[in-house]
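The block underneath contains the structure these notes are about, expressed in C-alpha cells.
The values are calculated or read from the model by the stated rules, or taken from the named source; none is laboratory data. These numbers were taken from a predicted model, which means no experiment stands behind them. Cβ: placed from backbone, ideal geometry, glycine included. Neighbour counts: every protein chain shown. Please note that ligands, DNA and RNA were not included when accessible areas were found on the heavy atoms of the full protein model with its side chains. Shrake-Rupley method; radii C 1.70, N 1.55, O 1.52, S 1.80 Å.
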Amino acid sequence: MSRVKRILKELEDVQKDTSASITLVLVSESDLSHLTGTFLGPPDTPYANGRFQVDIHIPNEYPFKPPQMKFDTKVYHPNISSVTGAICLDILKDAWTPILTLKSSLISLQSLLQSPEPSDPQDAEVAKHYLSDLAGFQKTAKYWTEIYASADAGKKNGGSDSSKDGDDAKLYGIDEATVGNFQNMGFDRAKIIEVLRRLGFKKVESGEPRTENKVIEELLK
Amino acid sequence: MPPDSVSNEKLESYDSDGSEVHIDSVEEEEEEEDFGSFEYSEEEEFPIDEEEGEELEDYDDIISNSESQFGDDFDIEPSTNGTTFTSGSSPNNGHATTDSIGNSRRGDEYSYGLTQGQFREESTSLVNSTPMKFKTYTTMDLIDKMHKQCRKLSEILVISQDNVINLLQFFSWNSERLMEDYVTDPMKVRKDAGLLEDSHDLTGVCTTYPKTNPFSCFICCDDKLTTYKLACNHEYCTDCYGRYVEDRLSEGRVIKCPDCDLTLQTRDIDNICGEGSSLKLLESSMKEYVERLRAFKWCPAPDCKGIVEVLNMSEVKDLVNEGKIPFVRCGSEGHQFCVSCLFENHSPAPCQITKNWITKCKDDSETVKWILTNTQTCPRCETSIEKNGGCNHMTCKKCRHEFCWICLGDWKLHGSSYYNCTRTGTKDQIITNENKKTIASTKESLKRYLHFYNLFSVHEVSTKLDMARCSVVQSTVRDLQVVSGISWIEAQFIADSAKVLLSGRQCLKWSYPLAFYCDSTPLLNIFENVQAELAMAVESLSKMFEIEDPAEIVEKKKEFIDDCGVVLLRQNAVLSCMKELLESKTLPDEAFILKKSVR
Ligand SMILES: [Zn+2]
Ligand SMILES: [Zn+2]
Ligand SMILES: [Zn+2]
Ligand SMILES: [Zn+2]
Ligand SMILES: [Zn+2]
Ligand SMILES: [Zn+2]
C-alpha cells in the first residue's frame, strides 16, 4: 500500500536528519496514522528556545488529503487556539498538495510562529491582544513559552499550574495592578480574570470610570 | 464592445427599451440597500362580478399561488419556457378540479359569518406573490452557453479555447475584466493564471518506462511505469496525478501542477483522467458563471440543478417595494421560489421580513439549539410518540390522552373553536415601542423569538409530513379509482384538498415571522386571533389526511370539502389582516434594515 510506504519513507527521512530541529515519531509502533512531531521555536521571537509538540493524525486518503495537526504544547499565538491547540494554516486545508510532507508541514508551523497572521485569527482574544498591544502580546507569548515549552516544562507536558498568585493574570497578559484594584473591592480573583478576558480588557486605568463600571457590572451578574 | 454582450444575445433580445444587461445589474445592486421606503401599495380592487366563472377564478388563484413547498407533486402544470404570466389572470390548471369544489361549495351552507361575496372580493387582491416571466435552463444549456462565450473570446483574443477556459476560470468568469487585463498586459495575465508565457499550447507529456528501469514516484513512493508531466517537468505517476486531478474536478477552479503554478489545460485533464473529465470541471465552475449573469438564478431547492432566467428582472425591485413576492418555478419539478430572496415562495410575508427572518434564524441557530425532533413523550404517561402526520393535535396511542404538540398542553384546554397555542402569551412578554430598547437582547426578547421560531419550525416540519401524507393518500385514491371505478373528476377533491392544506400551512408558517416583527397593538391581537383560527382549521384538515382507508376517504368527501372551505376562509382573513398590519405601519424599522450578511 502506497500510503504505508510513503509514511515510512517520511519517518526515515526525518530521522536521518541529525540537526534535530525537527523530530517525528510514531505514538505507537503498531499505528502508522498517529504521530508526534516537535520543532524548535524560531530564534528572535517570543517562542525562541521552546520546543513545541504537535499531535499528528494521518487520514486514510493521505497524501491526497492533509494530515490533521494540532499543538499539544500550549502556544500563545493569533493563529493557534490557546485552549485546544487548533491551527489555522492554509496548507493544512485547501492549499495542501500531495508533494507536501509531514516535515515540510512542521517547518511551515515553525514559520507560522515567526510570522503571525492576525487578520485571519484562530484565537480572537489573542489576535486582539496582538493587534492592540504588540509588546504586551510578546511578553505573554514569551511567558507561555517559558512555562509550557521550555526543556523542563516539556516533561509536565503543558499542564497548567497557576496556583501561585500572579501567574494566572500574567498568563493572559492582564495587568496585575488592575486585578488588585478589583480584588480590593472584594471580588474573587478568578472571576475578575474571567470577566476581564471575556470583555477583552488587559488593563483598566483608574481614570476610566466607564470601563471600570462595565467590569463591575459584569462582576455583579 | 462591452464584453458581456458577447454572450448575452438572449438577454438583449427581451429588453424592450434596447438597454443592455448592465441596466439590470445596476438596479439589482441598488436593490440591496434601498429598502428604507417600504410601502404596501394599494392593489386594484378586483371588480365584484356575479358571474359564476369569477368565483372559480378566485379559487384557482389562491391555489395556483400556493404550490410553494418544494417537492410537492400535486398536478402542477409543467412550466413552459418563457410563458408569460400576469397577475389576475392565473394559469387555468385543472378546470375540472375547480368545478368540482366550486360547485359543491356553492351547494353547501356556510356559517362563518362571512358572505361568499366577501370571500371572493378579498381573495384576488390579497395574494401577494407575483409570477415573473422566465425561461428555464438545464446544465447542458448553460455549458453550451459557456462554450459559446469561450469561442467568441478565443476569436477576439486570438488564443486557443483551452486557454480561454483557463483564463475565465481564473477570472471567475468575469470576461470583462479578463479582456481589459489581457489587452493591457497579456504576459502578466498568462503568468498569473499559470499559462505558459508564449501562447504556444504545450500539452503535457505521458511517458512509459521500461520494467527494468521504472519511475520512482515522489507522491506514492512506489516504482511505476507510466507518468505525466507538464512543461515544468514535475513528473508523477499517472495514478497519483489522476487522483490529484480527480479530487479537484468539483472545485470549479483552475487545477495547477502539484508542485508549481503551471495550469493544467483541458487536454491535460482529459489525458490524465479520461475523456470528458474536463467537462466536469467546467460544470463545477458554472456556479461562478451563473452568478455573473444577474438574471440567472439557481433553484434553491436542495439537490436541484434547475436554472431560471428571469426575463423581467428590472421589475423585481418595484415588486419587492410594493410588498409583492416575485416568484418563478424551476423547470420540471415545479419548485417555486422568490427571485429576490432566493428562497421558497414565502407568501404572505414580504421579502424584507423574510430576509431578516432568515438571517436571524441563521445567526441564532448556533447559540440556540432548538432542534425539533420528531419524537415526543406523552405528557401524561410518558409513552414515546412519533409524530407521523403534520397535525399538531396528538393523541397518545396508549392512554388516549389528547395534547398539543407545540406546548404539550391538554388539547381540550385549547378550546374547541380556539387554537390558543399561536398566541404570544402574556402581555408583558410582548415588546412595545417604549420599552423595546431597554429590553432588547435580553432573555425576554430571546424568549419571544424562540416562541415564534418554534411555531415557524413546527409548521415547517409539519409541511414535510403533510406532503408525505398527501402523496400517499393520493395514490391510495388512484388505486380506488381503478378498483371501484370512481371517476377521475370524483376523486379530484383529494388533490384539491392537498393543495389547500399546503397553501394554508405555508400561509400559517410565514405569518409567524410577520407577527414577530410587529409591535403589540390591538391589530396584532386580532391578527393572532385569526392566525389561531387558521391554525385550528389547518390542523383539522391535516388530521383528515391521516385516514388511510380509501373507502372512508371517499365517504368523507364532504368533510374534506368543508374543511377546505374553512381553511380558505380563514387564510383570507389572515391575509386581509396582514394587509392592514402592513398598512398601519406598526412594523418596527428593524424589519426593513437589511443586514449586510444577507448576501
Ligand atoms: Zn505515484
Ligand atoms: Zn510543475
Ligand atoms: Zn428546482
Ligand atoms: Zn422574497
Ligand atoms: Zn399517554
Ligand atoms: Zn398548544
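What's the total number of residues in region A:94-153 that are closer than 21 Å to A:Thr84 by Cβ and touching a Phe, Trp or Tyr at 6+ places or on another chain (Cβ under 7 Å)?
Number satisfying all stated conditions: 15.
Check whether at least one residue in region B:239-261 is more than 16 Å from ligand 5 (Cβ to nearest atom), of a type in the set (Phe, Trp, Tyr) and more than 14 Å from chain A (Cβ to nearest Cβ), and report yes or no.
So the first thing to find is which residues in region B:239-261 are more than 16 Å from ligand 5 (Cβ to nearest atom), and the list is B:239-261.
This time we only want the ones that are of a type in the set (Phe, Trp, Tyr), so: B:241, B:244.
Add one more test, that the residue is more than 14 Å from chain A (Cβ to nearest Cβ), and what stays is none.
No; the residues of region B:239-261 include none that is more than 16 Å from ligand 5 (Cβ to nearest atom), of a type in the set (Phe, Trp, Tyr) and more than 14 Å from chain A (Cβ to nearest Cβ).
A quick yes/no check of all residues on (1) open to solvent by less than 40 Å² (accessible area, probe 1.4 Å); (2) at pLDDT below 90; (3) more than 16 Å from ligand 2 (Cβ to nearest atom):
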residue: B:Lys287; (1), (2), (3): no, yes, yes
residue: B:Arg294; (1), (2), (3): no, yes, yes
residue: B:Pro302; (1), (2), (3): no, yes, yes
residue: B:Gly323; (1), (2), (3): yes, yes, yes
residue: B:Phe327; (1), (2), (3): yes, yes, yes
residue: B:Glu333; (1), (2), (3): no, yes, yes
residue: B:Cys338; (1), (2), (3): yes, no, yes
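May I ask you to list pairs of residues, at least six apart or on different chains, whose Cβ atoms are under 9 Å apart, with the first in region B:164-181 being basic (Lys, Arg) and the second being assigned to a helix (DSSP H, G or I)?
B:Arg177/B:Pro3
Scan region B:216-228 for residues that are in contact (Cβ under 8 Å) with a residue 12 or more places away in the chain and either within 13 Å of chain A (Cβ to nearest Cβ) or open to solvent by 50 Å² or more (accessible area, probe 1.4 Å) (or both) and report the count. Spell out the reasoning first.
Here is the first cut: in region B:216-228, the residues in contact (Cβ under 8 Å) with a residue 12 or more places away in the chain are B:217-220, B:222, B:224-228.
Still in the running and either within 13 Å of chain A (Cβ to nearest Cβ) or open to solvent by 50 Å² or more (accessible area, probe 1.4 Å) (or both): B:217-220, B:222, B:224-226.
Residues in region B:216-228 being in contact (Cβ under 8 Å) with a residue 12 or more places away in the chain and either within 13 Å of chain A (Cβ to nearest Cβ) or open to solvent by 50 Å² or more (accessible area, probe 1.4 Å) (or both): 8 in total.
If a residue must be hydroxyl-bearing (Ser, Thr, Tyr), assigned to a helix (DSSP H, G or I) and surrounded by fewer than 19 Cβ atoms within 10 Å (Cβ to Cβ), how many such residues does region B:142-181 contain? Steps first, please.
Filtering region B:142-181 for residues hydroxyl-bearing (Ser, Thr, Tyr) gives B:154, B:160, B:172, B:175.
Checking the rest, the ones that are also assigned to a helix (DSSP H, G or I) come to B:154, B:175.
So of that shortlist, the ones also surrounded by fewer than 19 Cβ atoms within 10 Å (Cβ to Cβ) come out as B:154.
Qualifying residue count for the region: 1.
Based on this model, can you work out whether B:Leu279 counts as within 14 Å of another protein chain (Cβ to nearest Cβ) and either touching a residue at least 40 places away in the same chain (Cβ under 8 Å) or closer than 30 Å to A:Ser2 by Cα (or both)? I'd like the intermediate steps shown before the answer.
Working: within 14 Å of another protein chain (Cβ to nearest Cβ): no; either touching a residue at least 40 places away in the same chain (Cβ under 8 Å) or closer than 30 Å to A:Ser2 by Cα (or both): yes.
No: the conditions fail for B:Leu279.
Please specify each residue of region A:1-26 satisfying the condition of being without any contact (Cβ under 8 Å) to a residue 24 or more places away in the chain, open to solvent by 80 Å² or more (accessible area, probe 1.4 Å) and among the aliphatic types (A, V, I, L, M).
A:Met1
Name the residues in region B:203-229 that are within 16 Å of ligand 2 (Cβ to nearest atom) and within 48 Å of the chain's Cα centre (by Cα), would you?
Hits for region B:203-229 are B:Thr203, B:Gly204, B:Val205, B:Cys206, B:Phe218, B:Ile219, B:Thr227, B:Tyr228, B:Lys229.
Among (1) out of contact with any Ser or Thr (no Cβ under 6 Å at 6 or more places or on another chain); (2) open to solvent by 60 Å² or more (accessible area, probe 1.4 Å), which single condition is A:Lys203 missing?
For A:Lys203, the failing item is (1).
Filter region B:237-268 down to the residues that are at pLDDT 90 or above, under 25 Å from B:Val189 (Cα atoms), in a helix (DSSP H, G or I) and open to solvent by 60 Å² or more (accessible area, probe 1.4 Å) and list them by number.
Within region B:237-268, B:Arg267 is the sole residue that qualifies.
Answer with yes or no whether A:Asp44 is away from chain B (no Cβ under 14 Å) and on the phi > 0 side of the Ramachandran plot. Steps first, answer last, please.
Numbers: away from chain B (no Cβ under 14 Å): yes; on the phi > 0 side of the Ramachandran plot: yes.
Answer is yes for this residue.
Among the candidates B:Val308, B:Val316, single out the residue that is touching a residue at least 24 places away in the same chain (Cβ under 8 Å), among the β-branched types (Val, Ile, Thr) and away from ligand 3 (no atom under 12 Å from the Cβ).
B:Val316
So B:Ile553 passes all but one of these: (1) closer than 29 Å to B:Cys338 by Cβ; (2) open to solvent by less than 10 Å² (accessible area, probe 1.4 Å). Which condition number does it fail?
With respect to (1) closer than 29 Å to B:Cys338 by Cβ; (2) open to solvent by less than 10 Å² (accessible area, probe 1.4 Å), B:Ile553 is out only on (1).
In region A:47-56, which residues are in a loop (DSSP other than H, G, I, E, B) and of a type outside the set (Ser, Thr, Tyr)?
Within region A:47-56, the subset in a loop (DSSP other than H, G, I, E, B) is A:47-50.
Matches in region A:47-56: A:Ala48, A:Asn49, A:Gly50.
Name the one entry in B:Asn233, B:Asn213, B:Asn271 that is more than 14 Å from chain A (Cβ to nearest Cβ), in a loop (DSSP other than H, G, I, E, B) and either within 16 Å of ligand 5 (Cβ to nearest atom) or open to solvent by 10 Å² or more (accessible area, probe 1.4 Å) (or both). Talk me through it step by step, then tell me what you get.
On the way: B:Asn233 fails: more than 14 Å from chain A (Cβ to nearest Cβ); B:Asn271 fails: in a loop (DSSP other than H, G, I, E, B).
Matching residue, one of B:Asn233, B:Asn213, B:Asn271: B:Asn213.
Could you name every one of the helices (runs of 4 or more DSSP H) located completely within region A:57-147 that has at least 1 residues being surrounded by 18 or more Cβ atoms within 10 Å (Cβ to Cβ) and within 14 Å of another protein chain (Cβ to nearest Cβ)? Lay out the reasoning, then the answer.
Numbers: elements: A:102-114, A:124-132, A:134-144.
The qualifying helices (runs of 4 or more DSSP H) are A:102-114.
In this structure, is B:Thr184 polar (S, T, N, Q), open to solvent by 50 Å² or more (accessible area, probe 1.4 Å) and either closer than 28 Å to A:Glu10 by Cα or within 16 Å of ligand 4 (Cβ to nearest atom) (or both)? Write out each step before concluding.
On the way: polar (S, T, N, Q): yes; open to solvent by 50 Å² or more (accessible area, probe 1.4 Å): yes; either closer than 28 Å to A:Glu10 by Cα or within 16 Å of ligand 4 (Cβ to nearest atom) (or both): no.
The answer is no for B:Thr184.
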